[in-house]
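Presented below is the structure to which this report refers.
The values are calculated or read from the model by the stated rules, or taken from the named source; none is laboratory data. The model shown is predicted, which means the values in this text are computed figures rather than measured ones. For neighbour counting, all protein chains shown are included, and Cβ atoms are generated from backbone atoms with ideal geometry for every residue, glycine included.
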Amino acid sequence: MEYVRLEKEGSIATITIDRPKALNALNLTTLKELKQALAQVVKTADVRAVILTGAGEKAFVAGADIGEMAGYSTSQALSFAQAGHRIMTILEALPVPTIAAVNGFALGGGCELALACDLIYASEKAKLGLPEVSLGVIPGFGGTQRLARLVGRSRAKELIFTGDLIDAARAREYGLVLEVLPPDKLMAHCRDVANKIASRGPSAVAQAKRVIEHGADLTLAAGNEMERQAFALLFGTQDQKEGMKAFVEKRPAAFTGQ
Ligand code: CAA
């Protein structure tokens, strides 16, 4: 792949958008490669968490590629938005948690990419925002929906209507990022979180992600029903037997994902 790197260390996969000359902007090739990388992750049985980050010192992802988009017709713009949305949907449907390590600018499509991840951690140097209205358009990779669901409609409207960029500390205050780390500690922190998740029951983590994701769009009663079903289903796994046996025997559990 030209613009996306996929590396695996233990059970943690790291996907790096690697186009630093364009601040890792998402052109069609990068979107295609990102999709390929995610397909590879799905095929790799022992991956337990995925970290997404950007190459270089400056950017996570500075948005969709403006130069490439500038001449789009409405139908091309629709296909481009669909391609972006597909990636975000794949991320949310992955059975393992995804962590955005926001190491610099996360703007437009880059902020939307982070928003589609389960957990977002940012470097002190990061700047986040949805500046699309400055370009005469609106967010096209799910930002209007995911930002509003995460930080509330009012704050999302403020950020999207003004196109303002906010620093990492402000993003944390809004609940957009979970923690702000010194730049040289960001990846280590994300790996620590990923490794902790990797040590838990894989089916349990997958079900927790699924129930939280799907439940967000349901009534409380329907979400609770989904939770009960998933809870019961897990009692058919080896991991549940092992997890509870290990507790009783006062030893760490050795989960296999079965
Ligand atoms: N698309 C294409 N190229 C981009 C880019 C983008 N989104 N962002 C930065 N670049 C390129 C610049 O054109 C520049 O290339 P050259 O060196 O060849 O001129 C290079 O990256 C470095 O950028 P700057 O010189 O602009 O760096 P800076 O430090 O002065 O500014 C910045 C950094 C504030 C992030 C600025 O680059 C910027 O505002 N970028 C655009 C951000 C943006 O508007 N993103 C939203 C895109 S629209 C979108 O994403 C729609 C959607 O929802 C799907």
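Here are the numbers:
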| read-out | value |
| --- | --- |
| Enumeration of residues in the stretch 91-109 that are within 8 Å of the ligand (Cβ to nearest atom) and either among the hydrophobic types (A, V, I, L, M, F, W, C) or modelled with pLDDT under 95 (or both) | Phe105, Leu107 |
| The stretch 94-115: number of residues that are surrounded by fewer than 24 Cβ atoms within 10 Å (Cβ to Cβ) and free of Cβ contacts under 8 Å to residues at least 40 places away in the same chain | 0 |
| Any hit, the stretch 1-16, residues being in contact with a Gly (Cβ under 6 Å, 6 or more places away or on another chain) and among the acidic types (Asp, Glu) | no |
| Looking only at the stretch 165-211, and only at residues there that are without any contact (Cβ under 8 Å) to a residue 24 or more places away in the chain and among the basic types (Lys, Arg), the one that is surrounded by the fewest Cβ atoms within 10 Å (Cβ to Cβ) | Lys196 |
| Pairs where the first residue, in the stretch 125-154, is in contact (Cβ under 8 Å) with a residue 40 or more places away in the chain and the second is among the basic types (Lys, Arg) and surrounded by fewer than 22 Cβ atoms within 10 Å (Cβ to Cβ), C-beta under 9 Å, 6+ apart | Lys125/Lys58; Leu128/Arg170 |
| Single residue of Met69, Met88 found to be touching a Gly at 6+ places or on another chain (Cβ under 7 Å) and under 20 Å from Gly142 (Cα atoms) | Met88 |
| Set Phe161, Phe231, Phe235: member being modelled with pLDDT of 95 or more, in the same structural domain as Thr53 (by TED's automatic domain parsing) and among the aromatic types (Phe, Trp, Tyr) | Phe161 |
| Pair list, Cβ under 9 Å, 6 or more apart: the stretch 229-258 residue closer than 20 Å to His214 by Cβ, other residue of a type in the set (S, T, N, Q) and part of a helix (DSSP H, G or I) | Ala230/Gln207; Phe231/Gln207; Leu233/Ser203; Leu233/Gln207; Leu234/Ser203; Leu234/Gln207; Leu234/Gln240; Thr237/Ser203 |
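Residue by residue, here is whether (1) within 16 Å of Asn24 (Cβ to Cβ); (2) touching a helix residue (DSSP H, G or I) at 6+ places or on another chain (Cβ under 6 Å) holds:
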position	(1), (2)
Ala116	yes, yes
Leu119	no, no
Lys127	yes, no
Val133	no, no
Val137	no, no
Thr144	no, no
Gly152	no, no
Thr162	no, no
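Residues checked against (1) away from the ligand (no atom under 13 Å from the Cβ); (2) acidic (Asp, Glu); (3) part of a helix (DSSP H, G or I):
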site: Cys111; (1), (2), (3): no, no, yes
site: Val133; (1), (2), (3): no, no, yes
site: Gly140; (1), (2), (3): no, no, no
site: Phe161; (1), (2), (3): yes, no, yes
site: Asp164; (1), (2), (3): no, yes, no
site: Ile197; (1), (2), (3): yes, no, yes
site: Arg200; (1), (2), (3): yes, no, no
